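The values are calculated or read from the model by the stated rules, or taken from the named source; none is laboratory data. Computed from a predicted structure; not experimentally measured. Backbone-built Cβ (ideal geometry, glycine too); neighbour counts: all protein chains shown. Ligands, DNA and RNA are excluded from the accessible area calculation, which covers all protein heavy atoms including side chains. Shrake-Rupley method; radii C 1.70, N 1.55, O 1.52, S 1.80 Å.
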Amino acid sequence: MVNLDFYAAFLIGLMGAGHCIGMCGGVAAAITIGMPENTKNSKRWIYLLNYNLGRLVAYTVAGAVIGAMLASVATINGSNSPLIFMRFLAAIMMIILALYIGQWWFGLNKLERIGQVAWRYISPLATSFLPLKSPIKALPFGFLWGWLPCGLVYSTLTWASVSGSALNGAIVMLAFGLGTLPAMLAVGGFATQLKIWLKNLYFRRISALLLMAYGIQTGYIAIKQIL
C-alpha cells in the first residue's frame with residue numbers, strides 16, 4: 001500500500017495547488033520581492049528552491065515522527081488494530097480531501113484551526129528571517145513555514161501515520177511535498193499558464209474523483225480487516 005500511498009500523496013500535493021497558492025503563494029512571492037535589488041535572476045531561483053527544500057524537510061520530518069509513533073503503538077499493543085483503525089480514518093480523510101479539491105465541500109478548512117495555537121509561536125520565529133539577506137536563510141525560513149496549519153498537510157499525515165514505519169511515513173510526506181512544488185515554483189517564477197492549468201476546475205474534479213475512489217477502496221479494505 002505504501003507505493004499507492006506515495007502516488008496518492010503526490011496527487012494531493014499537486015491537486016491542492018489552489019490551496020497552496022492561497023496559503024503559501026504570498027510567502028513564495030515575498031521571498032523574491034524581499035531580495036536585494038541587485039540579485040540576479042539565477043540567484044532568485046536559489047532563494048526559491050531553498051525555501052521549498054526547507055518546506056519539504058519539515059513535511060518529511062513530520063511524516064517520520066508520526067509514522068514512528070503509530071508503528072510503536074502497534075508494537076506495544078501487539079496487533080495491527082490501531083493501524084487498521086487509523087487507515088479507516090485516513091480513508092475518510094481522503095474522501096473529505098477529495099470533496100475539498102473538487103470544490104464540493106470545504107469542511108477541511110476547519111482542521112486548520114487545530115494547528116493555530118502552535119503556529120502563534122512558530123510564526124514570529126519564521127518571519128524574523130525576513131527579508132532574506134542570503135539564499136541560505138531561505139532554508140530555515142522554509143522549514144518553519146512548513147509547519148503552517150494546513151488541512152492538506154493534516155490529511156496526508158493520516159496516511160503517513162499508517163505507513164508502518166518512520167521511513168515510510170517520511171516517504172509519504174516527501175511525496176506530498178514534491179507534489180506541491182509545481183504550484184509553489186510557478187508562484188515564485190510567475191509561470192501563469194501552469195497556475196491556470198493546475199486550478200482548472202475540470203482537471204481538479206477528475207483528480208478529486210480518483211482520490212475519492214482510492215479512499216473508498218482503502219476504507220472498504222480496512223472495514224473487511226476490522227470485521
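Restricting the search to the range 35-55, which residues are of a type in the set (S, T, N, Q) and either at pLDDT below 65 or exposed (fewer than 15 other Cβ atoms within 10 Å of the Cβ) (or both)?
Residues satisfying the conditions are 38, 39, 41, 42.
If you go through the range 113-125, how many residues are open to solvent by less than 80 Å² (accessible area, probe 1.4 Å) and in contact with a Leu (Cβ under 9 Å, 6 or more places away or on another chain)?
4
Could you check, for the range 10-19, whether at least one of its residues is modelled with pLDDT under 85, farther than 14 Å from residue 161 by Cβ, among the aromatic types (Phe, Trp, Tyr) and in a helix (DSSP H, G or I)?
Checked against the condition, which is being modelled with pLDDT under 85, farther than 14 Å from residue 161 by Cβ, among the aromatic types (Phe, Trp, Tyr) and in a helix (DSSP H, G or I), the range 10-19 yields no hits at all.
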